[in-house]
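Beneath this line is the structure, given in C-alpha cells, with notes to follow.
The values are calculated or read from the model by the stated rules, or taken from the named source; none is laboratory data. These numbers come from a predicted model, not from an experiment. Here the Cβ positions follow ideal geometry from the backbone for every residue, glycine too, while neighbour counts run over all protein chains shown. Only protein heavy atoms, including side chains, enter the accessible area calculation; ligands, DNA and RNA are left aside. Shrake-Rupley method; radii C 1.70, N 1.55, O 1.52, S 1.80 Å.
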Amino acid sequence: MIKAVISGTGLYTPPATITNDELVEAFNAFVELHNARHADEIASGDVEPLQPSSSAFIEKASGIKRRHVIDKEGILDPERMCPNIPDRGNDVPSVQCEMSVAACNEALKQAGKTASAVDAVIVACSNMQRPYPAISVEVQDALGIEGFAYDMNVACSSATFGLQAAVNAVENGTARAVLVVSPEICSGHLNFRDRDSHFIFGDACTAILVERDADVAEGQGFEILGTRLKTQYSNNIRNNFGFLNRGDKEGINKPDKLFVQQGRKVFKEVSPLVAETILKQLSSLSLSPGDLKRMWLHQANLNMNQLIARKVLGRDADTKEAPVILDEYANTSSAGSIIAFHKHKDDFTAGDLGVICSFGAGYSIGSVVVRRR
C-alpha cells in the first residue's frame, strides 16, 4: 500500500516589511486627509468621521507586530493605500510564478530531489493573478516539470485542501511526487483604508513536496496519517471581486470588492468548528489530543489560535505546542499554517505526531495529521 510523505517544505518571504507603527502612521495620515476633505459633510452629519488606528489596538486584537509585503511604498502612501505591483509582459514570469519557484526550489533541496522527480504542481491559494493560463502550469514550465498542473482556491484552507489532493494523487498512483504551492499576495486584496482590517494580512509563498513513502529515505520526512476537510457556507468572510465586476459599473471599486469580514462572528463560529474537526479526526485515527506534540494552526489571530488549542487540549497550550508566526508574518492566508510547520518541525524525532490545520472563508477547514518518520 502506497503512503504519502511530506519530504520537504520551502518558504519565500518578500524582503520588504511593514511594522505596526509604520502602518498606523500611514493609516492615520489617510484618516486626517479624508476627514479634512469631508469636513463640511462631517459637520452636517452626512458623513461619519474616520477614526485613527493604533499599534496597541492592532497587537491586542490580533497578535500581529509586522508583515512582509511585495511592495511597501504604495501601501504606506496615504494617497494610494495599496501595493504598487506593475503588470509584466506575457513573456516574463508572473509575480506568483516567481515566488512559487523560489519556495519550490527550497522544498526540493530540503527533500534532496530535483524537479525531474516531480509529476504534478498544484498552486493552491486565495487569489490568482489571472484566470488562465493557470499559474500552476506556468510554475510547472518554469521548473521544467513533466506531467500536469492545476490551480485551486479554497481561501485560507487552500494549502491543506491542496495537500489532500496531493495525497490522493500519490496514493492512487496518479503521481509519484507533487508540489503544493501557495503564493499568497494578500496585500493585493486588503483594504488598507479599513480600520478594522488594514493590519491583517502579509505576503508569502510556501511549497510542500509530497512523495510516495518508497521514494523517501528511511527516517526522513513526515508520513501523512490522514486528512480531513470540512466546508460550511458563510458570508462572514467575503470578497466579491470577480470577472463579472465590470458588468455593473456601480460596484466597481466598492469596499466589497476587497476583503471584508465580520470578525467577531467568525471568531465565535469558526473556533469550535475547528476544534471539533481536529478532535473527530484524531478519534478516527485512534489518537487522543495528548498524543500530539504540536499543532501548526492557521495564523489569522492569536486569540483564536489560543482558544482552539485550549478546546483541543483541554488546557492552555504553550508556544512549542502551538507555535506562532503571525507576529512576524501577519495572516498569510493558506500559507500561514505551512509557514508554522516549515519553521517549527525540525525538533521532531521518529514517531512524534502533529496536526497542520487551516481554516477561513467558506467556511473551510483542512486538517492534516502527520508523524515523523
Quiz prompt | Label point distance in nm, LYS109-LYS311, each placed 7 Å from Cα along Cα→Cβ | solution = 3.9
Quiz prompt | FRET E, pair ASP46, GLU321, Förster distance 41 Å, beta-carbon r, rounded to 0.05 | solution = 0.20
Quiz item: Which one, [x] 36, 24, 17; [y] 31, 26, 21; [z] 71, 22, 17, gives semi-axes √(5λ) of the Cα gyration tensor in Å as derived from the coordinates shown?
Solution: [x]
Quiz item: Which distance in nm do the two modelled labels at LEU285 and ASN172 give, with both placed 7 Å along the Cα-to-Cβ direction?
Solution: 2.1
Practice problem: Go ahead and set up a Gaussian network model of the chain, Cα springs under 10 Å, then flag whichever of ASP213, ASP352, ASP91 fluctuates most. | Solution: ASP91
Quiz item: Of PHE359, PHE161, which has the most accessible area with a 1.4 Å probe, and how do the rest follow in descending order?
Solution: PHE161, PHE359
Quiz item: If you line up the long axis of helix 158-171 against the longest principal axis of the chain, both from Cα atoms, how many degrees apart are they, to the nearest 10?
Solution: 20
Self-check item: Neighbour cut-off at most 12 other Cβ (10 Å), DSSP loop, chymotrypsin sites (Phe, Trp or Tyr not before Pro), region 168-258
Solution: TYR233, PHE243
Exercise. Hey, for a label at HIS34 modelled as a point 7 Å past Cα toward Cβ, could you say which residues of region 49-68 have their backbone N under 12 Å away?
Key: 49-53
Exercise. Calculate the length of the line joining the C-alpha centroid of region 261-307 to that of region 315-373, in whole Å.
Key: 11
Quiz item: Between THR19 and PHE243, what is the label-to-label distance in nm when each label sits 7 Å out along the Cα-to-Cβ direction?
Solution: 4.5
Self-check item: Within straight-line cross-link reach of LYS3, lysines at Cα separation under 26 Å, skipping those fewer than 8 residues along the same chain
Solution: LYS109, LYS113, LYS230, LYS280, LYS293, LYS343, LYS345
Quiz item: If contacts are Cα pairs under 8 angstrom and at least 6 residues apart, what is the relative contact order of region 276-373 in percent?
Solution: 32
Quiz item: Once the whole set of protein chains is in place, how much accessible area is left on ARG373, using a 1.4 Å probe, in Å² to the nearest 10?
Solution: 70
Exercise. Please work out the average accessible area per residue across region 4-133, using the 1.4 Å probe convention, and give it in Å².
Key: 50
Exercise. With a cut-off of at most 13 other beta carbons within 10 Å, and DSSP calling the residue loop, which GluC sites (Glu not before Pro) in region 195-303 qualify? Please list them.
Key: GLU218
Quiz prompt | Accessible-area order (highest first, 1.4 angstrom probe) of the listed residues ARG176, ARG372 | solution = ARG176, ARG372
Practice problem: Counting helices only, and only those DSSP H runs with n ≥ 4, report the 222 nm mean residue ellipticity of the chain as the sum of -39,500 (n - 2.57) divided by its residues, in deg cm²/dmol to the nearest 500. | Solution: -10000 deg cm²/dmol
Quiz item: So, with a 1.4 angstrom probe, what is the percent of accessible area on the chain that is carbon and sulfur?
Solution: 50
Practice problem: Write out the GluC sites (Glu not before Pro) in region 128-198 meeting two conditions: DSSP loop, and at most 16 other Cβ atoms within 10 Å of their Cβ. | Solution: GLU146
Quiz item: Whole-Hz Karplus ³J(HN,Hα) for region 309-315, in order, using 6.51 cos²θ - 1.76 cosθ + 1.60 and θ = phi - 60°, x for Gly and Pro?
Solution: 4, 5, 5, 6, 7, x, 6
